[in-house]
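Below you'll find the structure I mean.
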Amino acid sequence: MRSIAVFLAGTCLALAAPAFAADAPLYSAPAEWVVQNGGPLPAGDAATPWLLSDQQILIEADKRSTFSDHAFRIQSADALRNWNDLQFVWHPDRDDLIVHRLQIVRGGATIDLLAQGLKLTVLRREKDFEQKTIDGLLTGTAAIEDLRVGDIVRFSATIVERSDVLAGNSEAMVDVEAKPASIAQGSVRVLWPQGLPIKWKAFGKGIAPVEQDQGGYHSLTQTQPVIKQDEMPEDAPLRFKRPPGLEFSTFATWNDLSRTTAPLYATKGTIKEGGTLAAEIDKIARANRDPKARTAAALAFVQNEIRYLYNGLANGNYVPQTPEQTWTLRYGDCKAKTLLLLAVLDRLGIDAQPAFVSSQHGNLLPTRLPALGVFDHVVVQARIDGTDYWLDGTTAGIHIDDLADVPPFGYVLPVAAAGHDLLPLPVRKPARPDFSLSLTYDQSAGLAFPPLFDLSFTMRGELAARIGGMKDQTTPEQLRGLTRRALGSFIEGGTIHTRSIEFDEARGIATIRASGIGSQPWSRDEPRAYVNLDGLIADFEIKADRTRAAWRDIPLAGAAPSLIVQKLTLKLPPRPGYTIEGDTAADLTIAGIGMRREAKLAGNRLDQTETIWNSGAEIAANQLPAARAQVAAAKQREFILRAPAGFPSPAEEIAAAKKDKRLGPLLAAYQKAIDDDPDAVAGYLNRATFNIDIFEPRAALADLDEAIRREGDASAYLSRSSVHFQLGEFEKALVDVDEALALDPASEDALGWKVATLGEMERFDEAIALADDQMSLAKDKRGWTTTKADLLGKAGRAEEGISLLTAALADRPGDSSLLNQMCWLKGTRSIQLDTALKDCTRAIELTDTPASVLDSRAMVFYRLGRMEEARADLDAALKISPDLPASLFMRAIVRLRDNDREGAQADLALARLQHGRIDAEYAGYGIKP
């Protein structure tokens, strides 16, 4: 077997071109350091494509050599189709790549692809260029020909990595595979000269490497895959979810690592006197005398004047460009920007030093060995008047008021010539909110209507700078999408018709503004209508699952720190008597989250401010029960706004608003939404829904026509069918419901409308046949049973309907819906009245929502001539559901019997407003005003 070094344009890509024997896995290493797998490959099974996965690492002072040996079986045609060419990735400025073996094992025979002259194609891909990253990595690809199902591809290579940055130190981090990884056999072996002061650390369950001294080298060998790792809750801190692995380092302490890397960020002599960079810094000094103002200006200079571009070429992944180079190039990565900022601050007389951070895993640092590879970012730590400021030149939009913000990195390693240990970052509440929301709802037209809203969403920092940069570049359609994504959760169910972006560079904030029609439904299941405004606690939950014994002591991870302020203004209909229940002033802390409310009700205007400060703190497992108890107690103190006693019902509000012409602003807002995007169907459908809700079916029909003309779907056809039905246009209703069913044949709503429409057209046989079909298919037949019973009553076959319901009740004797339908059928058809009252009363006793059943029993009392009892049931039904058209109509009939014409006309007006065909419906029962 022979090895190959990779060449490009005739030049070896290694840092040197040493000689090495044909069978030596790596020059300058002990010949025996790689343990070759010379025996037969493991058989594996059908679920194990990786037959072999070995990795061996030799650590030597400032050099690390990694040998890998893999065997992959092409188990199926699908695996063959998805096979990708082999890829070997290395950094040409500091790595050597040596490919030892490329083989196909087929039917017991080995095909040596290297011996056959296979060459690697070398590419510089820069796959992260779009993310402003240049790493210089090369990829050698091996296109294997004549690969077949059942073949085993065997490949092994060594990568030699060198670095003079670590001043003779070495480090390595090795992942170890765990079950159910599909590897038949594998191992990780790490070795180093016995005199090298390597420390090592293991992570994960089942990691127990075997240590050995041999030939002047100390080695650790760990088989893989190790046992399956314990499942951890998703909300556990990172240290509990770390995958298995091994770490190695020659750094004795974090202090040593800090001291070793400090020279990389020395600022002395890095600014050329008399140069343009020095002139820019001196300009900052002249404009700002205050140290904090100078620091803010220096940070803005680095953020705004130098664009970000990661440079991983040569030693660029560790060594920053000089400040003068960065200023000339006008680009740099976090290292270059940090060194430039340090140099600028030094010239401005500000005490500062660099600090390494792990942007994603900072809280893991105290559990790890000191190593440069655990960091992926570097920032500046400046100290002014005893306060530490953490400055990141790669972000944008940092205002002087936000300078003291603490980034969410958990721990940092300050880089100092004298050395420094890991430093936990402090928890510090920001001076300004990260996000602030101001939402004004104008519901003065009435509680039955959607409110008009004006909303502003303000952000600061990097996000504000990014949004501000988009201000003059977005198309109207892009602005619609941006606003919908940013504000959709605040106005759920609402419609935006006007939007804008504002950017205040001086204050470092961006604001998205929007106006439209919102959604603020009031609950009416109690005598006084109410709305819950408790945004602080209503949706707050501690969902941590610690029911498993193994999870009992695992804390709950904290979220990223944030400060959010929400302001709500609610303008109500002008009427005295609004009241608040709950605490107008609240200040509580639960699970590390501080919540504060200040609210004031003055006449028909409510103003409320809620502040939420999440410190990001973990919650210890033994504190979870108390935190849950706090949440439960807080939820008992709901913050509720109640309407005055005797407030009009929705139908009464609608009638009064139409009479007083108070709906103009709402209709104008719906028109604005349509004008904002005339081709979108949503605007027409939303206005159609509004007109249906205020009992204007003709107006709704026009918008539904427009929506269907643009984009007719099953829902739109069904909506138009229901409007035609309300208007008594049954032929048109049937056409539309058939279109809806053609688009969605399984729609139960559409099938129900079709049955109802056929019944109104007196096509009873078709309607009953369709109901029978659905009954035969339905698991729960009650709905279709009551529908068929009602059809039979309309068809003059009420006795059959009673028999049908009797059979259904034999299976479900306590079903209130079946009992109610029995009561209704007997009452409307005036048959078996002696038993109807028992059915009605039994249904009332069994249901939690008795309004409709009380209405049914009132019909029976009416048929029996017991008007006082009929009136009592109708009043009771309307107390529960004030706008029930059937009860309003029948109460009008009873009132007319008592010569209460004024009351009767009021009830009739509300019933007819809501149900334009109610007179015709009750005429079918033989009842007329």
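The values are calculated or read from the model by the stated rules, or taken from the named source; none is laboratory data. The structure presented is a predicted model; accordingly, all values stated were derived computationally and were not measured. When we count neighbours, we look across all protein chains shown, and the Cβ atoms used for this are built from the backbone with ideal geometry, even at glycine. Please note that ligands, DNA and RNA were not included when accessible areas were found on the heavy atoms of the full protein model with its side chains. Shrake-Rupley method; radii C 1.70, N 1.55, O 1.52, S 1.80 Å.
Going residue by residue through region 113-121, is there one that turns out to be surrounded by fewer than 17 Cβ atoms within 10 Å (Cβ to Cβ), over 24 Å from Cys334 (Cα atoms) and modelled with pLDDT of 85 or more?
Yes: region 113-121 contains one or more residues that are surrounded by fewer than 17 Cβ atoms within 10 Å (Cβ to Cβ), over 24 Å from Cys334 (Cα atoms) and modelled with pLDDT of 85 or more.
Also, quick follow-up: Look at Val176 and say whether it is surrounded by fewer than 20 Cβ atoms within 10 Å (Cβ to Cβ) and within 27 Å of Tyr411 (Cβ to Cβ).
no
Let me ask something else. On the basis of being under 23 Å from Pro561 (Cα atoms) and in contact (Cβ under 8 Å) with a residue 24 or more places away in the chain, does Ala634 make the cut?
Yes, satisfied.
Restricting to region 377-390, give me the number of residues that are of a type in the set (A, V, I, L, M, F, W, C), touching a residue at least 40 places away in the same chain (Cβ under 8 Å) and more than 17 Å from Asp290 (Cα to Cα).
Total satisfying the criteria: 3.
A further question follows. Considering only residues that are part of a helix (DSSP H, G or I) and free of Cβ contacts under 8 Å to residues at least 12 places away in the same chain, look in region 883-902 and name the one that is nearest to Phe647 (Cα to Cα).
Initially, region 883-902 is screened for residues part of a helix (DSSP H, G or I), giving 885-897, 901-902.
Subset that is free of Cβ contacts under 8 Å to residues at least 12 places away in the same chain: 901-902.
Working: Arg901: 23, Glu902: 20 Å.
Per the stated criteria, the residue is Glu902.
Return the only residue of Leu452, Leu447 being over 29 Å from Ala396 (Cβ atoms) and either open to solvent by 30 Å² or more (accessible area, probe 1.4 Å) or polar (S, T, N, Q) (or both).
Going through Leu452, Leu447 in turn, just one is over 29 Å from Ala396 (Cβ atoms) and either open to solvent by 30 Å² or more (accessible area, probe 1.4 Å) or polar (S, T, N, Q) (or both): Leu452.
Related question: Please go through (1) modelled with pLDDT of 95 or more; (2) surrounded by 16 or more Cβ atoms within 10 Å (Cβ to Cβ); (3) more than 26 Å from Phe435 (Cα to Cα) for Thr579 and return the number of the only condition it doesn't satisfy.
Only one criterion in (1) modelled with pLDDT of 95 or more; (2) surrounded by 16 or more Cβ atoms within 10 Å (Cβ to Cβ); (3) more than 26 Å from Phe435 (Cα to Cα) is unmet by Thr579, namely (2).
Being within 25 Å of Gly535 (Cβ to Cβ), free of Cβ contacts under 8 Å to residues at least 24 places away in the same chain and not acidic (Asp, Glu) narrows it down to one residue among Ala702, Ala669, Ala626; which is it?
Matching residue, one of Ala702, Ala669, Ala626: Ala626.
Within the set of pairs 6 or more residues apart or between chains, which connect a residue that is at negative phi inside region 761-779 to a residue that is of a type in the set (S, T, N, Q) and buried (at least 16 other Cβ atoms within 10 Å of the Cβ) with Cβ atoms less than 7 Å apart?
As it stands, the answer is Ala771/Thr787; Met775/Thr785, since those pairs meet every condition given.
Hey, any hits in region 736-750 for a residue that's among the β-branched types (Val, Ile, Thr), without any contact (Cβ under 8 Å) to a residue 24 or more places away in the chain and either more than 24 Å from Ile927 (Cα to Cα) or crowded, with 22+ Cβ neighbours inside 10 Å (or both)?
Yes.
A quick yes/no check of all residues on (1) open to solvent by 80 Å² or more (accessible area, probe 1.4 Å); (2) under 43 Å from the mean Cα position of the chain (by Cα); (3) touching a residue at least 12 places away in the same chain (Cβ under 8 Å):
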{"residue": "Ser258", "(1), (2), (3)": "no, yes, yes"}
{"residue": "Ala262", "(1), (2), (3)": "no, yes, yes"}
{"residue": "Glu273", "(1), (2), (3)": "yes, no, no"}
{"residue": "Leu277", "(1), (2), (3)": "no, no, yes"}
{"residue": "Ala285", "(1), (2), (3)": "no, no, yes"}
{"residue": "Ala297", "(1), (2), (3)": "no, yes, yes"}
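Rundown of residues vs (1) among the polar types (S, T, N, Q); (2) modelled with pLDDT of 95 or more; (3) farther than 20 Å from Ala680 by Cβ, yes/no style:
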{"site": "Leu413", "(1), (2), (3)": "no, yes, yes"}
{"site": "Asp442", "(1), (2), (3)": "no, yes, yes"}
{"site": "Phe449", "(1), (2), (3)": "no, yes, yes"}
{"site": "Asp472", "(1), (2), (3)": "no, no, yes"}
{"site": "Phe503", "(1), (2), (3)": "no, no, yes"}
{"site": "Gly516", "(1), (2), (3)": "no, yes, no"}
{"site": "Gln520", "(1), (2), (3)": "yes, no, yes"}
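Checking the conditions here, which among Asp834, Asp875, Asp848, Asp855 is free of Cβ contacts under 8 Å to residues at least 24 places away in the same chain and within 22 Å of Glu799 (Cα to Cα)? Full working, then the answer.
Details: Asp875 fails: within 22 Å of Glu799 (Cα to Cα); Asp848 fails: within 22 Å of Glu799 (Cα to Cα); Asp855 fails: free of Cβ contacts under 8 Å to residues at least 24 places away in the same chain.
Going through Asp834, Asp875, Asp848, Asp855 in turn, just one is free of Cβ contacts under 8 Å to residues at least 24 places away in the same chain and within 22 Å of Glu799 (Cα to Cα): Asp834.
Could you list, in sequence order, all residues of region 505-518 that are open to solvent by 80 Å² or more (accessible area, probe 1.4 Å) and either in contact with a strand residue (DSSP E or B) (Cβ under 9 Å, 6 or more places away or on another chain) or at positive phi (or both)?
Hits for region 505-518 are Arg507, Arg513.
Something else now. Hey, any hits in region 74-90 for a residue that's of a type in the set (Gly, Ala, Ser), open to solvent by 20 Å² or more (accessible area, probe 1.4 Å) and closer than 30 Å to Ala167 by Cβ?
no
Check off (1) surrounded by fewer than 19 Cβ atoms within 10 Å (Cβ to Cβ); (2) assigned to a strand (DSSP E or B) for Phe356 and give me the number that stays unchecked.
(1)
Out of region 548-570, which residues are among the aliphatic types (A, V, I, L, M), farther than 13 Å from Asn363 by Cβ and either open to solvent by less than 60 Å² (accessible area, probe 1.4 Å) or in contact with a strand residue (DSSP E or B) (Cβ under 7 Å, 6 or more places away or on another chain) (or both)? Please lay out each step first, then the result.
So in region 548-570, the residues among the aliphatic types (A, V, I, L, M) come out as 549-550, 554, 556-557, 559-560, 563-565, 568, 570.
Subset that is farther than 13 Å from Asn363 by Cβ: 549-550, 554, 556, 563-565, 568, 570.
Scanning region 548-570 gives Ile554, Leu556, Leu563, Ile564, Val565, Leu568, Leu570.
I'd like to verify a number: residues in region 217-228 that are outside any strand (DSSP E or B) and open to solvent by 50 Å² or more (accessible area, probe 1.4 Å), how many?
Of the residues in region 217-228, the ones outside any strand (DSSP E or B) are 225, 227-228.
Keeping just the survivors that are open to solvent by 50 Å² or more (accessible area, probe 1.4 Å) gives 227-228.
The qualifying residues number 2.
Look at Leu878 and say whether it is at pLDDT 95 or above, of a type outside the set (S, T, N, Q) and either in contact with a Lys or Arg (Cβ under 9 Å, 6 or more places away or on another chain) or in a loop (DSSP other than H, G, I, E, B) (or both). Spell out the reasoning first.
Working: at pLDDT 95 or above: yes; of a type outside the set (S, T, N, Q): yes; either in contact with a Lys or Arg (Cβ under 9 Å, 6 or more places away or on another chain) or in a loop (DSSP other than H, G, I, E, B) (or both): yes.
Judged against the criteria, Leu878 is a match.
Okay, next question. Determine whether region 234-248 contains at least one residue that is part of a strand (DSSP E or B) and open to solvent by 20 Å² or more (accessible area, probe 1.4 Å).
No - not one qualifying residue is present in region 234-248.
Given the conditions (1) under 21 Å from Leu246 (Cβ atoms); (2) in a loop (DSSP other than H, G, I, E, B), report the number of the one that Pro92 does not fulfil.
(1)
Conditions: (1) acidic (Asp, Glu); (2) surrounded by fewer than 16 Cβ atoms within 10 Å (Cβ to Cβ); (3) within 22 Å of Phe725 (Cβ to Cβ). Glu868 meets all but one. Number of the miss?
All conditions are met except number (3).
Moving on. Please verify whether Ile880 is in contact (Cβ under 8 Å) with a residue 12 or more places away in the chain, more than 28 Å from Glu729 (Cβ to Cβ), in contact with a helix residue (DSSP H, G or I) (Cβ under 8 Å, 6 or more places away or on another chain) and β-branched (Val, Ile, Thr), treating the condition exactly as stated. Spell out how you get there, then give the answer.
Details: in contact (Cβ under 8 Å) with a residue 12 or more places away in the chain: yes; more than 28 Å from Glu729 (Cβ to Cβ): yes; in contact with a helix residue (DSSP H, G or I) (Cβ under 8 Å, 6 or more places away or on another chain): yes; β-branched (Val, Ile, Thr): yes.
For Ile880, the condition - in contact (Cβ under 8 Å) with a residue 12 or more places away in the chain, more than 28 Å from Glu729 (Cβ to Cβ), in contact with a helix residue (DSSP H, G or I) (Cβ under 8 Å, 6 or more places away or on another chain) and β-branched (Val, Ile, Thr) - is met.
Within the group Thr326, Thr394, which residue is crowded, with 18+ Cβ neighbours inside 10 Å, hydroxyl-bearing (Ser, Thr, Tyr), more than 28 Å from the chain's Cα centre (by Cα) and modelled with pLDDT under 95?
The match here is Thr326.
Moving on to the next point. If I ask for residues that are open to solvent by 70 Å² or more (accessible area, probe 1.4 Å) and within 26 Å of Gly594 (Cα to Cα), which ones from region 519-544 would you list? Walk me through how you get there before you give the answer.
Within region 519-544, the first condition is being open to solvent by 70 Å² or more (accessible area, probe 1.4 Å), and the residues that meet it are 521, 524-527, 539, 541, 543.
Of everything in region 519-544, those that are open to solvent by 70 Å² or more (accessible area, probe 1.4 Å) and within 26 Å of Gly594 (Cα to Cα) turn out to be Asp539, Glu541, Lys543.
Also: Would a scan of region 48-69 turn up a residue that is farther than 30 Å from Pro209 by Cβ and at pLDDT 85 or above?
No, there is no match, as no residue in region 48-69 is farther than 30 Å from Pro209 by Cβ and at pLDDT 85 or above.
Give the residue that is farthest from Gly516 (Cα to Cα), with candidates limited to residues of region 463-497 that are under 21 Å from the mean Cα position of the chain (by Cα) and open to solvent by 80 Å² or more (accessible area, probe 1.4 Å). Let's see the steps before the verdict.
Of all residues in region 463-497, those under 21 Å from the mean Cα position of the chain (by Cα) come to 463-464, 466-467, 478-494.
Now restrict to residues that are open to solvent by 80 Å² or more (accessible area, probe 1.4 Å): 466, 478, 484-485, 489, 492.
Numbers: Arg466: 25, Gln478: 18, Arg484: 12, Arg485: 15, Ser489: 14, Glu492: 12 Å.
So the residue we want is Arg466.
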